[in-house]
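Only one structure is covered here, and it is reproduced in the block below.
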Amino acid sequence: MPTRLAKRVLLIGWDAADWKLITPMMEAGQMPSLQRLVERGVRGNLATLDPPLSPLLWTSIATGKTADEHGVLGFVEPDDSGEAMRPVLGTSRRVKALWNILHQSGLRSNVVGWWPSHPAEPIRGAMVSNLYHRVGGPVARPHPMPEGAVHPPDLAGTMESLRIHPQEFTGNHLLPFVPLAAEIPEADQRLGHVARSLGEAATIHAAATWLLEHTEWDLTAVYYDALDHFAHAFMKYHPPQRPGISDVLFERYKGVVTASYRFHDMMLGGLLDLVDDDTTVLLLSDHGFHSDHLRPLQLPFEPAGPAAEHRSFGVLAMAGPGIRRDERVYGASLLDIAPTVLSLFGLPAGRDMPGRVLVNAFETPPEAGTIETWEDVPGDDGRHPPDARRDPLAEQDAMRQLVELGYIEPGHGAASVERDMRESRFYLGRVLMSRGKYEEARDVLQTIAEADPKATRYGLRLAECLRHLGQYEEAHRALDATVAAHKELLRDRLETLDAAIARTEQQITEADEGEAPQSPDQMRKARAFFSGLLENGSPGARYHRGLILLAEGKPDAAMQEFETATESVGGERFPVLSVRFGEALAQLRRWNDAERAFERALAVDPHLQAAHRGLAWVRVRTGRYEEAAASALDAIALQYHFPVAHFALGEALQALGDHARAAEAFEVALAQNPGLRRAHIHLAELYRVHLDDPVRATHHLKRGAETASG
């Protein structure tokens, strides 16, 4: 039987934590607890999934499966009547999470706050659901804890006593976050947001520390969502001061985000003090958060628009027995966490889990092996029956917070339900595309694009999906329909703005300093913006048109579209446009110009994996094979599941005469994308000429021919 490497595992989730903020704070001595963890273990980026929405991602972390498999497809779901929406519940998860697998393996888990996990599951151990820490109502008589928020039920009283109401925080508690708190007028609601996020984080922490101290456990998984809430509310005020942010608001709130990180580091220190050296600790985030010049100046006018503030890489830190010390790991993904945790307990990962054990994190790679699937293991797994109970009051409070954060739109009735269900199907389409299931994604996206043509994001994704399928005429038609619907929507918005300007022309009043209401001047700026879009076209549509033209082998026409899109949005804020210019220039064999375009993109965002891959492509074509291999490895280090980067690495290594490693790179590329015909061709030559393996050579020659004919 495989060896159990960890006596216990403490899995800590910090939603939206980002190394871009953390690293300079650690260097300044402001996060000593995390520094201590990193110095005795490994750290690295953790690539997120698409779409970067927290309930989908944290369920993927817990299950090792993507959302099309695990079934959590958004922030909300229809209630039992089908006539209203409720927050997504843990019962929507169709597959086993880590704690269910451990339950079946005779191990005990504590799970605190995981999103989504309400109602708490009857696992071996304890669970405190993601609705537990929402404390509403007056401070003297707060809303009772939601029914079903705690398992086992005899812990409910203890957990109830640990909850913290936001109004329990005094001004002194808030001063580390907002030093000018005493000067802020009551009309400014932001101070209340600080108190609420602080109270929710402290409540989760109180429950987690109590369970660590008072229960027997093998796994404790605790999830804190406050960093994400703090960032969405206050990152706009984070230094450096952005255009459009008043001096008053900047001075009031410029320190909130960094204070929230220091607070989380203090809580981390408390957790670490409660575990021994035999405990393996994993700290991770589901995605990052833009904190620098890449912060969006304006969020998309769409549900889940705040996700535009998310960055593609979260954080990973891991320490414990058998873990390498003070090292970095590269290419890790959210899908690697569940297999890695299972390996720590000496349990096999499911072959239906697309991630991999992070073997490079270990001094000696674990040998836990694999199982076909944990889903077929019979017996009690600690999950609820389908008819689990609900708590309407708690669900209403959770829905209210999702609306306040901007993740869902307010509304009731059948039309609202259908709108939200279209959005969930949109997320499903994106998940299917990220997995290369383009035909399934096309069917999903066509249905919702026809149902709501004014939702341009549906049409743009449909056009992208058709492009990947090589259906270029259909892609152009889908884009044409989207552009027409977008113009109609813009005309409607212009009419609304004209009416609003006329109504408010004489109604402007004095307001709290720094809180001036929207004035006719501001609305005129918005009108000018929409007028420009109507005249010049949507930058998103231009961008996707350019991608279709690029796929058709029309790089000159593609560059014209990219140029127009760049003029509309400012290329320095969207380095991916420089990547696309580079790809077009490479098609024209203008290698030097292409290389400069990729380097421009990296000057703006050094973590843009597509730009590193572009450099590898150019450098292979210009015979600079060592540089090409280095660029390909840079791309893979950021995103391991990147088949074209593995292919570029294979080309570079083959040219350098490193035939065995070249074959390995091509094999990885094919494992990630079986449709890469040229990888089969390269492998056939490598196995026939250099590696003396005629059987494999014949296999790849045959597969290459089949792929070409298919």
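The values are calculated or read from the model by the stated rules, or taken from the named source; none is laboratory data. All figures in this text were calculated on a predicted structure; none of them were measured in a lab. No Cβ is skipped: glycine too gets one built from the backbone with ideal geometry, and neighbour counts run over all protein chains shown. Surface areas here come from the heavy atoms of the whole protein model, side chains and all, with no ligands, DNA or RNA. Shrake-Rupley method; radii C 1.70, N 1.55, O 1.52, S 1.80 Å.
A single member of A259, A195, A208, A201 is part of a helix (DSSP H, G or I) and without any contact (Cβ under 8 Å) to a residue 60 or more places away in the chain, and it is A195. The condition (being modelled with pLDDT of 95 or more and closer than 26 Å to V329 by Cβ) is satisfied by just one residue among E599, E627: E627.
Number of residues in the stretch 75-110 that are among the small types (G, A, S) and within 28 Å of F345 (Cβ to Cβ) equals 6. Contact map, the stretch 432-445: first residue touching a residue at least 60 places away in the same chain (Cβ under 8 Å), second residue open to solvent by 60 Å² or more (accessible area, probe 1.4 Å), Cβ cut-off under 6 Å, separation 6 or more or different chains; pairs are L432/E440.
Here is a yes/no grid of residues against (1) assigned to a loop (DSSP other than H, G, I, E, B); (2) among the hydrophobic types (A, V, I, L, M, F, W, C); (3) within 17 Å of T48 (Cβ to Cβ); (4) touching a helix residue (DSSP H, G or I) at 6+ places or on another chain (Cβ under 8 Å):
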site	(1), (2), (3), (4)
H264	no, no, no, yes
M267	no, yes, no, yes
D277	yes, no, no, no
L283	no, yes, yes, yes
R295	yes, no, no, yes
Q298	yes, no, no, no
E302	yes, no, no, yes
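The combined condition, being in a helix (DSSP H, G or I), within 30 Å of E423 (Cα to Cα) and modelled with pLDDT under 95, is not fulfilled by A338. Look at the stretch 592-615: where a residue is among the β-branched types (V, I, T) and a partner is assigned to a loop (DSSP other than H, G, I, E, B), sitting 6+ places away or on another chain with Cβ atoms under 6 Å, you get V604/P575. Filtering the stretch 43-68 to residues that are in a loop (DSSP other than H, G, I, E, B) and over 18 Å from A332 (Cα atoms) leaves only L53. Look through the stretch 304-335, keep the residues that are outside any strand (DSSP E or B) and under 30 Å from K454 (Cα atoms), and return whichever of them is modelled with the lowest pLDDT. For the stretch 304-335, the residue satisfying everything is A304. With respect to the conditions (1) over 30 Å from R8 (Cβ atoms); (2) in a helix (DSSP H, G or I); (3) in contact with a helix residue (DSSP H, G or I) (Cβ under 6 Å, 6 or more places away or on another chain); (4) of a type outside the set (A, V, I, L, M), F177 lacks only one, and its number is (2). Summed over the stretch 95-115, the residues that are surrounded by fewer than 24 Cβ atoms within 10 Å (Cβ to Cβ), part of a loop (DSSP other than H, G, I, E, B) and in contact with a Lys or Arg (Cβ under 9 Å, 6 or more places away or on another chain) give a count of 4. Only one entry of G71, G44 meets the criterion of being open to solvent by less than 30 Å² (accessible area, probe 1.4 Å) and closer than 14 Å to L428 by Cβ, and that entry is G71. Of the residues making up the stretch 461-472, those that are touching a Leu at 6+ places or on another chain (Cβ under 8 Å) and either open to solvent by less than 10 Å² (accessible area, probe 1.4 Å) or at pLDDT below 95 (or both) are A463, C465. Anything in the stretch 4-41 that is under 15 Å from G320 (Cα atoms), in a loop (DSSP other than H, G, I, E, B) and open to solvent by 50 Å² or more (accessible area, probe 1.4 Å)? List them, or say none. Passing the criteria: R4, L5, K7, R40.
Residue check: K454 meets all listed conditions (1) of a type outside the set (S, T, Y); (2) free of Cβ contacts under 8 Å to residues at least 40 places away in the same chain; (3) surrounded by 16 or more Cβ atoms within 10 Å (Cβ to Cβ); (4) touching a helix residue (DSSP H, G or I) at 6+ places or on another chain (Cβ under 7 Å) but one, namely (3). A182 meets all of the listed conditions (1) assigned to a helix (DSSP H, G or I); (2) surrounded by 16 or more Cβ atoms within 10 Å (Cβ to Cβ); (3) hydrophobic (A, V, I, L, M, F, W, C) but one, namely (2). Pairs meeting the criteria (first residue in the stretch 224-250 and farther than 27 Å from A201 by Cα, second residue of a type outside the set (G, A, S) and assigned to a loop (DSSP other than H, G, I, E, B), beta carbons under 6 Å, at least 6 apart or on different chains) are V248/E513. Within the stretch 122-173, if we keep just the residues that are in a loop (DSSP other than H, G, I, E, B) and among the charged types (D, E, K, R), the residue that is surrounded by the fewest Cβ atoms within 10 Å (Cβ to Cβ) turns out to be R141.
A quick yes/no check of all residues on (1) touching a residue at least 60 places away in the same chain (Cβ under 8 Å); (2) at positive phi; (3) of a type in the set (A, V, I, L, M):
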site	(1), (2), (3)
M26	no, no, yes
G41	yes, no, no
A62	yes, no, yes
K96	yes, no, no
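Figure legend. Inter-residue proximity from the stretch 669-681: first residues farther than 21 Å from L335 by Cβ and in contact (Cβ under 8 Å) with a residue 12 or more places away in the chain, second residues polar (S, T, N, Q) and assigned to a helix (DSSP H, G or I), beta-carbon distance below 6 Å, spacing 6+ or different chains. Indicated pairs: R677/T707.
For A368, the conditions (1) closer than 18 Å to L11 by Cα; (2) modelled with pLDDT under 95; (3) open to solvent by less than 30 Å² (accessible area, probe 1.4 Å) are fulfilled apart from (1).
Might you let me know whether the stretch 247-258 holds any residue that is surrounded by fewer than 22 Cβ atoms within 10 Å (Cβ to Cβ), under 23 Å from M127 (Cβ atoms) and of a type in the set (D, E)? There is no residue in the stretch 247-258 that is surrounded by fewer than 22 Cβ atoms within 10 Å (Cβ to Cβ), under 23 Å from M127 (Cβ atoms) and of a type in the set (D, E).
Condition check ((1) under 24 Å from L577 (Cβ atoms); (2) touching a strand residue (DSSP E or B) at 6+ places or on another chain (Cβ under 6 Å); (3) among the aliphatic types (A, V, I, L, M)) across all residues:
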| residue | (1), (2), (3) |
| --- | --- |
| F598 | yes, no, no |
| V604 | yes, no, yes |
| L615 | yes, no, yes |
| G623 | no, no, no |
| A629 | no, no, yes |
| A635 | yes, no, yes |
| Q639 | yes, yes, no |
| G650 | no, no, no |
| Q654 | no, no, no |
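Among the numbered criteria (1) closer than 28 Å to K554 by Cβ; (2) in contact with a helix residue (DSSP H, G or I) (Cβ under 7 Å, 6 or more places away or on another chain), which single criterion is violated by G470? Condition not satisfied by G470: (2).
Conditions tested, residue by residue: (1) farther than 22 Å from E685 by Cβ; (2) more than 25 Å from the chain's Cα centre (by Cα).
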| position | (1), (2) |
| --- | --- |
| R596 | yes, yes |
| P606 | yes, no |
| A616 | no, yes |
| Y625 | no, yes |
| A630 | yes, yes |
| V644 | no, no |
| A648 | no, yes |
| A652 | no, yes |
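Only residues that are under 33 Å from the mean Cα position of the chain (by Cα) and without any contact (Cβ under 8 Å) to a residue 12 or more places away in the chain were counted across the stretch 143-185, and they come to 3. Scanning the stretch 69-94 for residues being farther than 20 Å from L11 by Cα, modelled with pLDDT under 95 and assigned to a helix (DSSP H, G or I) gives a total of 2.
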